[in-house]
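Beneath this line is the structure, given in structure tokens, with notes to follow.
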Amino acid sequence: MTTRFIEAGDVARLIPNGATVFCTGMGLAGFPEEVAKAIEAAFLATGHPRDLTLYHSTGVGNGKDRGMHHFAHEGLIKRLVGGHFGVGGPNLMKLIMEERIEAYNLPQGVLALLPRQVAGRRPGFITKVGLGTFVDPRIEGGKVNRRTEEDLVKLIEMDGEEWLQFKAPKVDVALIRGSVADEKGNITMDREGVLLESLSVAQAALASGGIVIAQVEHVVRAGSLHPKQVKIPGVVVDYVVVGKAENHLQTMATYFNPAYAGDIKVLRGSTPPLPLDPRKIIARRAAMELKAGAVVNLGIGMPEGVAAVAAEEHVDQLMSLTLETGPIGGVPAGGFDFGHALNAEAVIEQPAQFDFYDGGGIDVAFLGLAQTDAAGNVNVSKFNGRPVGCGGFINITQNARKVVFCGTFTAGDLQVEITDGRVTVVQEGGHSKFLEQVEQITFSGRYAQGIRQPVLYVTERAVFRLTEEGMELTEIAPGIDLERDVLAHMRFRPIIRDLTLMDAEIFKPEWGGLAALLGERG
């Protein structure tokens, strides 16, 4: 195969109408923005290409005008299969919710691993991930709107056990990104912060008789790259486009940070402690579920406080933080740089990370708590009919050895005072999180019970655990009235047996008890 170097404006003519396109990307990391912009421009000018089926494993975009936003035109795409839609932009969400395109939301890990099955010409991906959730064909089958009819997920039985089989697509076009290409199309990813599933997606297109289009920053002489630096060999690359700097961001907000690329190690300054507020209380109580040497996954938002508390308590070096995008160790970045890590010990491909996760590699996962119900189900993927998507949540929660959901007890304008080691609710949040039934099942309490998985639900005023009988209230905070502050704001009655107070020390300005607790657990 001979790799050709082309301009972005030449890409659209290579993509046939009705093609299945698989894009890499996470936020804007690994996403070929220059290529996507050119495809959008060609469609708006000529109506070609059109009726595309678009696959992507994670949320791709900046929530406004980049990433999947470029494909958000009726006629350009007819079907979207993605892991998360929250950052795809309002136009894409409008197409989904107005049922102007077909849309499927499948687990990030499934979509990251699926290209390997296509690359090996296997009929699909078989896993337990998704059983009992909205991905299960007995519930929703991952279908996001009523226009979406074809079944991409099948329930099968092998050796008396239930599994889900995800249909393998024929990949006509792979859109990937790297850092440097040599004249033969060999591509490195030195300046990328994450590797994603770029090689697998390219191989999937090759096995399908499709084409691979790669965006890079620079081109160098053939033979000048160290072979072990090459992550995508030229034998699987058909076309290379050199992108402009403004269309080659390392993250959603950062053009290039050498620390994310692993080129430098940054000095860790003294991080200011979190204020004594509900987030800190939740993070402290959640951190009590750690053990020395634990492999940990932290979700975005409230769970990020666990890392801050661990650093404040000087125990952050006793655990290994991981991210589904591939980093292991180091300090996970937050906000618009989420998915990357400073001072990572290793960065592996996203499919390999999900193999590790699905194989039980996570000792404890701390994830957000948006909605839960009497059965212990959790919803983080759909709110008021808006399908933001599950991301890696299902892979992580179904396979971690222990799961700790973290969130305030109610949502919306909640005001809490923490003084003298006691909690006072000054203004209650306007929305209950403890519902009779969640809007969508992203985490199945029943499935967790079936595999005897320890599950906790930690809030600033109460702690629950999942039992065979349902949700059990096990702890309440000092100063909290059980009836007024807890039960009155739940749409179901939890099991109450041996109710105790949450550790009073975590409600004080200075704690200092986490190191001793971890030491006791070895």
| First in region 348-360 and in contact (Cβ under 8 Å) with a residue 24 or more places away in the chain and outside the structural domain of Gln229 (by TED's automatic domain parsing), second anywhere and surrounded by fewer than 23 Cβ atoms within 10 Å (Cβ to Cβ) and polar (S, T, N, Q), Cβ under 7 Å, 6 or more apart | Asp358/Thr127
| Does Thr53 qualify as being assigned by TED's automatic domain parsing to the domain that holds Val171, crowded, with 19+ Cβ neighbours inside 10 Å, at pLDDT 95 or above and farther than 16 Å from Pro387 by Cβ? | yes
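Filter region 111-124 down to the residues that are surrounded by 24 or more Cβ atoms within 10 Å (Cβ to Cβ) and out of contact with any His (no Cβ under 9 Å at 6 or more places or on another chain), then identify the one that is farthest from Ala352 (Cα to Cα).
Once the filter is applied, the top-ranked residue is Val118.
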| message | Looking for something more than 23 Å from Ala411 (Cα to Cα) and assigned by TED's automatic domain parsing to the domain that holds Val455 - is there at least one such residue anywhere in region 369-377? | response | no
| task | Pick out the one residue from Lys94, Lys78 that is surrounded by fewer than 24 Cβ atoms within 10 Å (Cβ to Cβ), in contact (Cβ under 8 Å) with a residue 24 or more places away in the chain and not hydrophobic (A, V, I, L, M, F, W, C). | result | Lys78
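Please tell me if Phe434 is farther than 25 Å from Gly88 by Cα and at pLDDT 95 or above.
yes
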| Condition test on Lys78, is it assigned to a strand (DSSP E or B), of a type outside the set (S, T, N, Q) and more than 22 Å from Leu28 (Cα to Cα)? | yes
| Can you name every residue in region 157-187 that is in contact with a Lys or Arg (Cβ under 7 Å, 6 or more places away or on another chain) and at positive phi? | none
| task | Please find, among Gly389, Gly376, the residue that is in contact with a strand residue (DSSP E or B) (Cβ under 8 Å, 6 or more places away or on another chain), touching a residue at least 60 places away in the same chain (Cβ under 8 Å), in a loop (DSSP other than H, G, I, E, B) and under 24 Å from Met26 (Cβ atoms). | result | Gly389
| request: Output the number of the condition that Asp263 fails; it satisfies all remaining conditions of (1) assigned by TED's automatic domain parsing to the domain that holds Val35; (2) of a type outside the set (A, V, I, L, M, F, W, C); (3) assigned to a loop (DSSP other than H, G, I, E, B). | output: (1)
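The values are calculated or read from the model by the stated rules, or taken from the named source; none is laboratory data. Keep in mind that this is a model prediction, so the values were computed, not measured. Backbone-built Cβ (ideal geometry, glycine too); neighbour counts: all protein chains shown.
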